[in-house]
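So the structure is just underneath, and the comments pick up after that.
The values are calculated or read from the model by the stated rules, or taken from the named source; none is laboratory data. All values reported here derive from a predicted model rather than from experimental measurement. Please note: Cβ atoms are built from the backbone with ideal geometry, for glycine as well, and neighbour counts cover all protein chains shown.
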Amino acid sequence: MRTILAFALACTLAGCGSTSPEKNVETEQAPQAAQTQPLSLVPYPNSVEVIPGTLTLHNTVHVEAADGSETAQPALNTLLEQLDIELSDTAPSQIELIRVQEPALGDEGYRLIIDSHVSISANTDTGLFYGVQTLRQLLPAQASKDYQLPLVAITDTPAFAWRGNMLDVARSFYPTEYLKSHIERMARFKLNRLHLHLSDDQGWRVEIKQYPKLTEIGGASAVEGGRSGFYTQAEIRELVAYARAHHITLVPEIDLPGHTQAALASYNELACDDVTNLGPYSGLEVGFSKLCLTKPEVIYPWVENVLAEIIELFPSEYIHIGGDEIKDPLYAEFIGRATKIVDKLGRTAIAWEEGSVADNDPDVLLQLWNDEYDIQPALERGHQLILSPCTYAYFDHGNYAEQPNTYDWCRKEGVPLERAYSLDTSAFGAAVGVESALWSELVHTNAAADNRLWPRLAATAELGWSQVDSRDYSAFTKRLGQLRGQLDAMGIQYYPEPDLGW
Ligand code: TNX
């Protein structure tokens, strides 16, 4: 136990370099078979020390949880319950959640030590929550009589603050129950941003009290074959709270000024007077609709009122205003004004990469989606990026080439797991993190969404969390391959990826 603690302490004080999973295994010539395998952890922690031996956890444990573990403690209790482990103050097996003050662990980091007992320490409830997620991956998915845990000292902090996924709920609607499962699954892999693409040509998905027709009319349409519907404000509030309890920020996107047919069909005056096509839309085209930028007196009050309600609903510091795929002489002016409206409302805007042509404050985040887009001028002005380059991060592309019901416009071979994992996050300049995207023109059911999201979302998670120099696809597939039972236990209808031996 001393060795582990001494190692952990040295790590904190000296700032341990990241240990590659491979190296870790090779240097540990542990006698027991269990320890010759890399720990099946995804994302892989920064620093892992494995000591020969195991700790047996019996099916009653004593939990000591510090004040300030308000989500970590329930997460731990749920984990124990799912494994039929009971709580008892007199049980010899002990799990501790400890609040510490160690700047090196930051807001999200934790230390997990397994020796004579299990202890998780962190500066925050978030860090403790992530420590519990790591413990969960070290335990089997199914209950058994008792549990053998490897003796470890793990010290772990994320590489990026933004570890996200975007779900297009506009082309095809996803019910709140699906979003809740999605949130739970993301949290299991330490993902922390769920970007909801709430409006597009085919549908408007969030209740706006001042403009009820947005959901009466705009909420009733969908892409052909997809689901229609919308979230009431009460449902959004519930989702926000649910996400928060899983340390996930819901980032709302209202796509402007293009991708707005559902809004135009609801409030015709938002379109230019010569536009005759004002009905709902269920096709697959992009780039044909827009707010009438020559009617500023009509569109800007509407934009501001809509965003004001969005901001009331979503506590996220960042609000996405879209900005993709539209040509208009007044485009740059519009984006500049929209990002300033967000600023005036007390938040910071995100725009898709094209929004970089506008005069935006440098704190506006830009979301890169075309690998080759010339984002350099924006970086020089001080903008930071969310990395979603489509040849790596577009999960509406196939798990394999020519997978039915997938796009291939960005990469004809699709975006297999290996490709998704190979994104070099250091190659695109200043990034706050990564975000994979699931557009839903061709993804109409929960099962289809699961198939496109998993297991690739585990690659997003590792890109976002683990240090760039620890990436190793072969090690990643071995670790993730072992976690199949955990995905099964969560009911994920994943694509059985051959690289994982599934
Ligand atoms: C491009 S990426 C779009 C979406 C489509 C997607 C399909 C981006 C900002 N816009 O409107 O759904 O391609 O892959």
The strands (runs of 3 or more DSSP E) lying wholly within segment 39-121 that contain at least 3 residues that are free of Cβ contacts under 8 Å to residues at least 40 places away in the same chain and β-branched (Val, Ile, Thr) are 60-65
On the given criteria, is GLU353 within 26 Å of the chain's Cα centre (by Cα) and buried (at least 16 other Cβ atoms within 10 Å of the Cβ)?
yes
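Kindly indicate whether any position in segment 243-252 is assigned to a loop (DSSP other than H, G, I, E, B), away from the ligand (no atom under 16 Å from the Cβ) and surrounded by fewer than 18 Cβ atoms within 10 Å (Cβ to Cβ).
Checking segment 243-252: not a single residue is assigned to a loop (DSSP other than H, G, I, E, B), away from the ligand (no atom under 16 Å from the Cβ) and surrounded by fewer than 18 Cβ atoms within 10 Å (Cβ to Cβ).
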| request: Considering every residue within segment 267-282, establish whether at least one is outside any loop (DSSP other than H, G, I, E, B) and either exposed (fewer than 15 other Cβ atoms within 10 Å of the Cβ) or within 25 Å of the chain's Cα centre (by Cα) (or both). | output: yes
Of (1) within 21 Å of LEU480 (Cβ to Cβ); (2) within 19 Å of the chain's Cα centre (by Cα); (3) not hydroxyl-bearing (Ser, Thr, Tyr), GLN403 satisfies every one except (2)
Contact list, first residue from segment 210-231 and free of Cβ contacts under 8 Å to residues at least 24 places away in the same chain and surrounded by fewer than 16 Cβ atoms within 10 Å (Cβ to Cβ), second anywhere and assigned to a loop (DSSP other than H, G, I, E, B) and hydroxyl-bearing (Ser, Thr, Tyr), beta-carbon distance below 7 Å, six or more apart or interchain, is none
Can you say whether THR406 is within 16 Å of the ligand (Cβ to nearest atom), among the β-branched types (Val, Ile, Thr), touching a Gly at 6+ places or on another chain (Cβ under 6 Å) and free of Cβ contacts under 8 Å to residues at least 60 places away in the same chain, as far as the supplied structure shows?
yes
Residue pairs within 6 Å by beta carbon, gap of at least six or interchain, first lying in segment 160-176 and acidic (Asp, Glu), second within 14 Å of the ligand (Cβ to nearest atom), listed first then second, are ASP168/HIS197; ASP168/TRP439; ASP168/SER440
Given the conditions (1) outside the structural domain of TYR174 (by TED's automatic domain parsing); (2) surrounded by 21 or more Cβ atoms within 10 Å (Cβ to Cβ), every one holds for TRP502 apart from (2)
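Conditions (1) farther than 20 Å from ALA401 by Cα; (2) assigned to a helix (DSSP H, G or I); (3) in contact with a Gly (Cβ under 6 Å, 6 or more places away or on another chain); (4) in the same structural domain as TRP352 (by TED's automatic domain parsing), marked per residue:
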{"position": "LEU423", "(1), (2), (3), (4)": "no, no, no, yes"}
{"position": "SER426", "(1), (2), (3), (4)": "yes, no, no, yes"}
{"position": "GLY433", "(1), (2), (3), (4)": "yes, no, yes, yes"}
{"position": "ASN451", "(1), (2), (3), (4)": "no, yes, no, yes"}
{"position": "ALA459", "(1), (2), (3), (4)": "no, yes, no, yes"}
{"position": "GLU462", "(1), (2), (3), (4)": "yes, yes, no, yes"}
{"position": "ALA475", "(1), (2), (3), (4)": "yes, yes, no, no"}
{"position": "PRO496", "(1), (2), (3), (4)": "no, no, no, no"}
